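Heads up, the thing below is written out as structure tokens.
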Amino acid sequence: MKKIFQVLATSALVSASIPFAVQANEMGVNAQIANDSAKFGVFSSDVWMQETYRFDLGYQYNKDKDYVIDTSLAYIGKGVLDPNLDLGVKGKFAYAKAKDIDKVGTGILLGVHAAYWLPTATPTNVTVEYLVAPEVLAFTDAENLNELSVRANIRLLRNLQGFVGYRRFEVEYKEAKVKFDDGAHIGFELAF
């Protein structure tokens with residue numbers, strides 16, 4: 001099991017370094033703040049024709065001193081089924097430390113991404129993501145992991161986007177289910 005964790009950790013580090021090694025259309029930082037948690041990250045995205053590839057690396061902590069380090073890769077097709085609808089798939093590796101029960105959960109979450117662009121003068125969309133790591137993709141002390149994110153995004157400036165939304169990220173350990181994030185948040189994304 002220790003060997004599996006080392007391989008997964010190495011894979012996460014390699015995938016996290018890819019955005020810095022490839023030429024990207026956009027690179028930047030993001031932050032989201034909620035009542036009980038905060039999440040900070042860096043991202044890189046490439047747009048090719050009607051497709052977007054996006055890499056993210058993030059760190060989240062909450063008031064209970066639990067924390068999550070994650071890296072993800074998303075493929076998103078633009079204008080799928082409808083000119084205003086973007087659909088895609090996303091994979092994420094997460095390392096989640098629950099302080100109160102002193103357990104670590106790691107897993108490979110797989111899921112879907114959907115964004116609907118509203119017909120407004122300022123680029124605005126509503127985004128939904130759902131990711132899950134069932135027992136077969138959950139490691140160390142975790143039995144499963146899941147994440148749900150719903151948010152409204154608006155482009156404030158050419159390189160600045162603001163958002164409000166709801167996010168739930170939880171890990172089920174043998175001892176307990178721990179919610180690392182569960183509530184409304186506000187945030188921004190700044191591209192360079």
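Sorting Met49, Met27 by solvent-accessible area of protein heavy atoms yields Met49, Met27, largest first, with a 1.4 Å probe. Bridging of Lys103 to lysines at a Cα separation below 22 Å is possible for Lys2, Lys3, Lys39, Lys63, Lys65, Lys92, Lys174, Lys177, Lys179, once same-chain residues fewer than 8 apart are set aside.
Which of the three applies to the stretch 26-191, rounded, prolate or oblate, going by the alpha-carbon gyration tensor with a ≥ b ≥ c and a/c under 1.5 meaning rounded? Prolate.
Of all aspartates and glutamates in the structure, the ones whose alpha carbon falls short of 14 Å from that of Lys97, not counting any fewer than 8 places away in one chain, are Asp64, Asp66, Asp70, Asp141, Glu143, Glu170, Glu172, Glu175, Asp181.
Label zone of Glu26 (point 7 Å out along Cα→Cβ, amide N under 20 Å): in the stretch 130-165 this covers 130, 149-165. Per-residue ellipticity at 222 nm, computed for the chain from helices alone with -39500 (n - 2.57) per DSSP H run of at least four residues, works out to -3500 deg cm²/dmol. Its Cα centre serving as origin, the chain has a Cβ charge dipole (Lys and Arg +1, Asp and Glu -1) of approximately 260 debye.
Springs between Cα atoms under 10 Å define the GNM used for the chain, and in it the highest mean-square fluctuation of Leu118, Leu85, Leu145 occurs at Leu118.
Axis angle, to the nearest 10 degrees, between helix 2-21 and the longest C-alpha principal axis of the chain: 20 degrees. Projecting the Cα atoms of Gln60, Val89, Val29 onto the dipole axis of the stretch 25-167, where Lys and Arg carry +1 and Asp and Glu carry -1 at the beta carbon, places Val29 farthest toward the positive end.
The values are calculated or read from the model by the stated rules, or taken from the named source; none is laboratory data. What you are looking at is a predicted structure, and each value in this text was computed from that prediction instead of being measured. A quick note on method: Cβ atoms are made from the backbone with ideal geometry, for glycine too, and the neighbour counts reach across all protein chains shown. Side chains included, ligands, DNA and RNA excluded: accessible areas come from the protein's heavy atoms. Shrake-Rupley method; radii C 1.70, N 1.55, O 1.52, S 1.80 Å.
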